Each structure stands twice: as C-alpha cells, then as structure tokens.
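S.K.: Mind having a look at this structure? Questions to follow.
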Amino acid sequence: GSEMCIRDRTMSERIPASFMDLIEGPVYAVLTTIAPDGQPENSVVWASWDGEHVLVNTVEGRRKDNNIRTNPKVALLAMDPKDPYRWIDVRGLVIEIVPDEDFTNINAHARLYTGKGQYYGEVAPESQKSSRVIFKIKPVHVVTYPAE
C-alpha cells in the first residue's frame, strides 16, 4: 500500500498569519527532498494548507515520493511572486503519505493554480492518469523573510 505514517514527537512550529498567503497558494514552491545518497533534490510544486500541514501532491513512485519514504525530512520554499525578497522556508517532516484515490486533492490544486475544474483531462492529458499521493508536511522550523 501507499499509505505511510510516522510517529513523531517533535513540536509543530506555527506559520505566521502574515505569510500564510504564500502557503495557501496559488504560489509555486520548491520542495527539497533528500535522495538515498544524501544529495538534496528540488522540485517545483503546487502546495496548499489543511489547517495543520502543508499539502503537496505527486505521482506515486516518483523520485520525490521514493526519497520521502527513505527520509521524511523536507524543506519547502515559497517566494512571493510580486516580491522575491518576501519568502517563507518551511522545514518539516512528512508525517503521512495518503493516497489521493479520487483525485480530490490534485483537482483542488488544479482549481487553485489554473482555474480548471479537474487535473486529468484539463491540465494534464487523460492518458497520464496515474496513482497520486499527498504528502502531509508538518512544519518543524519556519524561517521567513522579512523575519517575523
């Protein structure tokens, strides 16, 4: 199965309300994962917020998915598209990987980022339909610029 859950005792750090717009989207973010050989890898992603976690969606079995299953530590950097000197860096832990079985999450991201109703068929071709998963990222350390 594709579900993974981590028992984690670290405290969650709050994302300042004044930077929440960068996490709630539609702001493109860079997700950094760690490859099995220790090398950091970056991906440009869509992100959203569920009230407690940053949500990032990907195709199951992609490198970032495999990296996270090996090492759940990630960082997510979101820059204000209108002011690149305003940004938030969320360092955290993927505490859960949840199947996006009916594409509810990727469709919500597609609406948020593109205004289209569904991802497959409107943003990506129907032929690319594959199993998708949601990374639930718990913020452990949050850095903002300007500092809060």
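S.K.: From LEU93, LEU22, which residue is open to solvent by 20 Å² or more (accessible area, probe 1.4 Å) and of a type in the set (A, V, I, L, M, F, W, C)?
M.R.: Values: LEU22 fails: open to solvent by 20 Å² or more (accessible area, probe 1.4 Å).
Step by step, each of LEU93, LEU22 is checked, and only LEU93 is open to solvent by 20 Å² or more (accessible area, probe 1.4 Å) and of a type in the set (A, V, I, L, M, F, W, C).
S.K.: What single numbered condition from (1) without any contact (Cβ under 8 Å) to a residue 24 or more places away in the chain; (2) loosely packed, with under 13 Cβ neighbours inside 10 Å fails to hold for HIS141?
M.R.: Status for HIS141: all satisfied but (1).
S.K.: If you take the residues of the range 96-110 that are part of a helix (DSSP H, G or I) and in contact with a Gly (Cβ under 9 Å, 6 or more places away or on another chain), which of them is surrounded by the most Cβ atoms within 10 Å (Cβ to Cβ)? Even if it seems obvious, please write down each step before you answer.
M.R.: Within the range 96-110, the subset part of a helix (DSSP H, G or I) is 104-110.
Filter once more, so that each one left must be in contact with a Gly (Cβ under 9 Å, 6 or more places away or on another chain): 107, 109-110.
Values: ASN107: 19, HIS109: 24, ALA110: 21.
Looking at residues that are part of a helix (DSSP H, G or I) and in contact with a Gly (Cβ under 9 Å, 6 or more places away or on another chain), I get HIS109.
S.K.: Can you find a residue in the range 124-133 that is in contact (Cβ under 8 Å) with a residue 40 or more places away in the chain, of a type outside the set (Asp, Glu) and closer than 20 Å to LEU22 by Cα?
M.R.: Looking only at the range 124-133, we keep the residues that are in contact (Cβ under 8 Å) with a residue 40 or more places away in the chain, and these are 130-133.
Filter again for of a type outside the set (Asp, Glu), leaving 130-133.
Within this subset, residues satisfying the condition of being closer than 20 Å to LEU22 by Cα are none.
The answer is no; no qualifying residue exists.
S.K.: Another question, then. Within the range 38-49, track down each residue that is open to solvent by 40 Å² or more (accessible area, probe 1.4 Å) and either β-branched (Val, Ile, Thr) or at pLDDT below 95 (or both). Show your work before the answer.
M.R.: Filtering the range 38-49 down to residues open to solvent by 40 Å² or more (accessible area, probe 1.4 Å) leaves 38-42, 44, 46, 49.
Within the range 38-49, VAL44 is the sole residue that qualifies.
S.K.: Could you look through the range 111-138, keep only residues that are assigned to a strand (DSSP E or B) and among the aliphatic types (A, V, I, L, M), and pick out the one that is surrounded by the most Cβ atoms within 10 Å (Cβ to Cβ)? Before you say what the answer is, go through the steps one by one.
M.R.: Of the residues in the range 111-138, the ones assigned to a strand (DSSP E or B) are 120, 124, 132-138.
With among the aliphatic types (A, V, I, L, M) added as a condition, the list becomes 124, 133-134, 137.
Working: ALA124: 15, VAL133: 25, ILE134: 22, ILE137: 27.
Taking the candidates together, the pick is ILE137.
S.K.: With the requirement that a residue be open to solvent by 10 Å² or more (accessible area, probe 1.4 Å) and either among the β-branched types (Val, Ile, Thr) or closer than 20 Å to MET79 by Cβ (or both), what does the range 28-37 give you?
M.R.: Scanning the range 28-37 gives TYR28, VAL30, THR32, ILE34.
S.K.: In addition: Please give the strands (runs of 3 or more DSSP E) falling wholly within the range 38-94 in which 3 or more residues are farther than 13 Å from ILE134 by Cβ. Lay out the reasoning, then the answer.
M.R.: Values: elements: 40-45, 47-49, 54-59, 73-80.
It comes to 40-45, 73-80.
The values are calculated or read from the model by the stated rules, or taken from the named source; none is laboratory data. All values derive from a computational prediction rather than experimental measurement. Virtual Cβ from ideal backbone geometry, glycine too; neighbours counted across all protein chains shown. In case anyone asks, the SASA skips ligands and DNA or RNA and just uses the protein heavy atoms, side chains included. Shrake-Rupley method; radii C 1.70, N 1.55, O 1.52, S 1.80 Å.
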